[in-house]
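Each reported figure results from applying straightforward, stated rules to the coordinates on display, with no laboratory input. Just so it is clear, the model here is predicted, and its values are computed rather than measured. All Cβ positions, glycine included, derive from the backbone under ideal geometry; neighbour counts span all protein chains shown.
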Amino acid sequence: MRKAWLLAVSSVVFVQFPLLADDSLVRFEGGIGVVPVSNVAGPQNADGTFQNVSRNVVRGVTPGGQPWVISSLSVEIKTDGRIEVDGRGLLLAGGNGIGTPAGQRVQARLFCGNAAFNSGLVDVDPNGNFEIDDVLTPTPPATCGSPVLLIVNAGGSWFAAGIQKLH
């Protein structure tokens, strides 16, 4: 009887371990909206512009033309490339369309080093909210060195970045 009980308990333990394994590749919690200019230099022109402007390019991706904000961003990426994104309040922070999502469609772009992995495009609703439930293409590697997550539009400009959640 005791052997049967021990066998039953050990079977449950061994069956449960794979279920408890963490198959997360990387997580992001919180977001940073884009500021399209990283710095300016040189004398100011008569119209208020500057001669030398550096755009806020991240991993070769150019920023949107106006500042953007994002209220919240939660992203989980699994080792098999599955990605779940919950974005809230992705809105223009400047220009005539301020406070709107300007009819954008967005996707998530994960960088592991300089290699990029993309989700499909989704619509941003009038409140700036969007959800992505997809698989990244191509499939990311089993480990992701120097991860960066950008939210980019259909034209390839970035509007927001994820803040990596370290254990």
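Condition check for LEU73 on (1) hydrophobic (A, V, I, L, M, F, W, C); (2) in contact with a Phe, Trp or Tyr (Cβ under 9 Å, 6 or more places away or on another chain); (3) more than 19 Å from ASN118 (Cα to Cα): one failure, at (3).
Look at ILE132 and say whether it is β-branched (Val, Ile, Thr), in contact (Cβ under 8 Å) with a residue 40 or more places away in the chain, more than 23 Å from ARG55 (Cβ to Cβ) and in a strand (DSSP E or B).
Values: β-branched (Val, Ile, Thr): yes; in contact (Cβ under 8 Å) with a residue 40 or more places away in the chain: yes; more than 23 Å from ARG55 (Cβ to Cβ): yes; in a strand (DSSP E or B): yes.
Here the answer is yes, as ILE132 does meet what is asked.
Considering the stretch 89-108, the residues that are touching a Gly at 6+ places or on another chain (Cβ under 9 Å) and not in a loop (DSSP other than H, G, I, E, B) include one that is surrounded by the most Cβ atoms within 10 Å (Cβ to Cβ), namely ALA108. Among the residues of the stretch 113-125, those identified as over 15 Å from GLY87 (Cα atoms) and either without any contact (Cβ under 8 Å) to a residue 40 or more places away in the chain or not in a strand (DSSP E or B) (or both) are GLY113, ASN114, ALA115, PHE117, ASN118.
Table: residues versus (1) basic (Lys, Arg); (2) outside any loop (DSSP other than H, G, I, E, B); (3) over 17 Å from ILE132 (Cα atoms).
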site	(1), (2), (3)
LEU25	no, yes, no
PHE28	no, yes, no
ALA41	no, yes, yes
GLY48	no, no, yes
SER54	no, yes, yes
SER74	no, yes, no
ILE77	no, yes, no
ILE83	no, yes, no
GLY87	no, yes, no
